[in-house]
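Note sheet for the following structure.
The values are calculated or read from the model by the stated rules, or taken from the named source; none is laboratory data. A quick note: this is a predicted structure, and the numbers were derived from the prediction, not measured. Every residue, glycine as well, gets a Cβ built from its backbone with ideal geometry; the counts of neighbours run over all protein chains shown. For the accessible areas, the whole protein counts, side chains as well, though only heavy atoms, and no ligand, DNA or RNA atoms are used. Shrake-Rupley method; radii C 1.70, N 1.55, O 1.52, S 1.80 Å.
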Amino acid sequence: MFYREVGNFKSSYPADSQTFPISLDKYGYYIIVFIAFVVIPLIINDYWANAVMVPLLVWAIAALGLNILSGYCGQISLGTGGFMAVGAYSCYKLMTAFPDLNIVFCILLSGIITALVGLIFGIPSLRIKGFYLAVATLASQFFLVWLFNRVPWFYNYSASGQISAPERTIFGIAVTGADVSPWAQYMICLLFAFGLGWAARNLTRGALGRSWNATRDMDIAAEIIGINLLKAKFSAFAISSFYIGISGALFFSVYLGAVEATEAFGINQSFLVLFMVIIGGLGSVLGSFIGAAFMVLFPVLVKNLLVGWMGWDAALATHLEFIAVGSLIILFLILEPHGLAQLWRLTKEKMRLWPYPH
């Protein structure tokens, strides 16, 4: 009854294409941003930072990157974990080679390096697609992890083969290292997630985003009407890899602090991000955040409910979690391929048309 467009009219194209055409959506967005930037930093503690908020934001950035490539441009990728490793190891090398370089620039440069690597592995997309492209990107996953394990230069010849983030500060506040505070971890990840989410929303609504959509729907028809497939596919691979590289740099430097390539960036991480995109919604910026929230919060909920409250065995709870997630993925692929974001859109449509929803 209160979610209506009555009395709203548009007199220009920019007004008609705005992100939040209904006032209630706009106010809800402002409230969420206020809570994220003002309320949560005041109350966050170690548990909520390390178990929920920081991984949620880091995985949301990775899901955004994969969604740009697979959801918007239709190029299937199973190499997300490998590209996250490129971002992590690039950040480590920059932090150790340039001790005075600000951590923000280290993270951004890591994203740029990962974008260049993504362009190299995006070359096969000009000739192959579908299952064959998925296999090619899967090969990049195994090759990159093997490279970081086998070449000692990447981990500075450490005997353990592990990389550890040196301490870095922003305005005198530690954001990496042993003495980092929970709210500092959260804030730097939030700033990156907010900025990259805003950029993704604008990119996907512009000319570049429309060329991605056309390439995804039917690349031959897109080429016939004048879309440059080389530019569309390469830009999708580069921007997607940039996002994933930044998520890998944050995952290493701000979240974990120390990683080893095989354990931290294995094939499981690639599938985890893919599941986030499937459950959240292909071709949706909001779906990337929803999918990341679900895949981060669901295990926490299961462990707290089944293990902490009901006293079940932790291994049994983990197996049930895998079964539940797998079942949900199958259900979404069959019943709603566009995920939770589409369910949210349909709910809003019914609210707008109530009492006559179709």
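Quick notes on this one:
- Of all accessible heavy-atom area on segment 58-128, the percent that carbon and sulfur account for (1.4 Å): 74 percent
- Each residue of segment 293-298 was assigned a 3J(HN,Hα) from its phi angle through the Karplus expression (A = 6.51, B = -1.76, C = 1.60, θ = phi - 60°), giving 4, 5, 6, 8, 7, 4 Hz with x at Gly and Pro.
- Counting only protein heavy atoms and a 1.4 Å probe, segment 64-143 has 39 square angstrom of accessible area per residue.
- 5 angstrom amide H check on residue 176, placed H, neighbours 5+ away: 168
- Shown is the FRET efficiency for residue 336 and residue 218, computed with R0 = 30 Å from the Cβ-Cβ distance and rounded to the nearest 0.05: 0.85.
- Take 109-118, 139-148, 290-299 and order them by the average number of nearby Cβ atoms within 10 Å per residue, most first; the result is 109-118, 290-299, 139-148.
- Which listed pairs, of 26/348; 303/348; 233/350; 10/350, have C-alpha distances above 24 Å, in listed order: 303/348; 233/350
- Only Lys, Arg (+1) and Asp, Glu (-1) charged, at Cβ; segment 105-231 dipole about Cα centre in debye: 300 debye
- Per residue value of the accessible surface for segment 240-336 (all protein chains in place, 1.4 Å probe), Å²: 43 Å²
- Gaussian network model of the chain, Cα within-10 Å springs - most flexible of 136, 36, 236: 36
- Candidates 107, 170, 246: whichever shows maximal mean-square fluctuation once the chain is modelled as a Gaussian network with Cα springs under 10 Å: 170
- Where a label projected 7 Å from the Cα of residue 231 along Cα→Cβ would reach, residues of segment 55-80 with amide N under 11 Å: none
- Computed from backbone phi with θ = phi - 60° and the Karplus coefficients 6.51, -1.76 and 1.60, the 3J(HN,Hα) list for segment 332-338 is 5, 5, 8, 8, 8, x, 8 Hz; x is used for glycine and proline.
- Gain upon complete extension [residue 143, residue 316; 0.36 nm per residue less C-alpha separation]: 58.9 nm
- Per-residue Karplus couplings for segment 322-328, computed as 6.51 cos²θ - 1.76 cosθ + 1.60 with θ equal to phi - 60°, are listed in order as 4, 4, 5, 5, x, 5, 5 Hz, Gly and Pro entered as x.
- Annotation for residue 159 and residue 102: the two label points, set 7 Å from Cα along the Cα-Cβ direction, are 3.8 nm apart.
- Each label point was placed 7 Å from the Cα along the Cα-to-Cβ direction; for residue 20 and residue 328 their separation is 2.6 nm.
- Note on residue 45 and residue 271: with the Förster distance fixed at 22 Å, the Cβ-Cβ geometry gives a FRET efficiency of about 0.10.
- Overall, the accessible surface of segment 235-339 at a probe of 1.4 angstrom is composed of carbon and sulfur to the extent of 75 percent.
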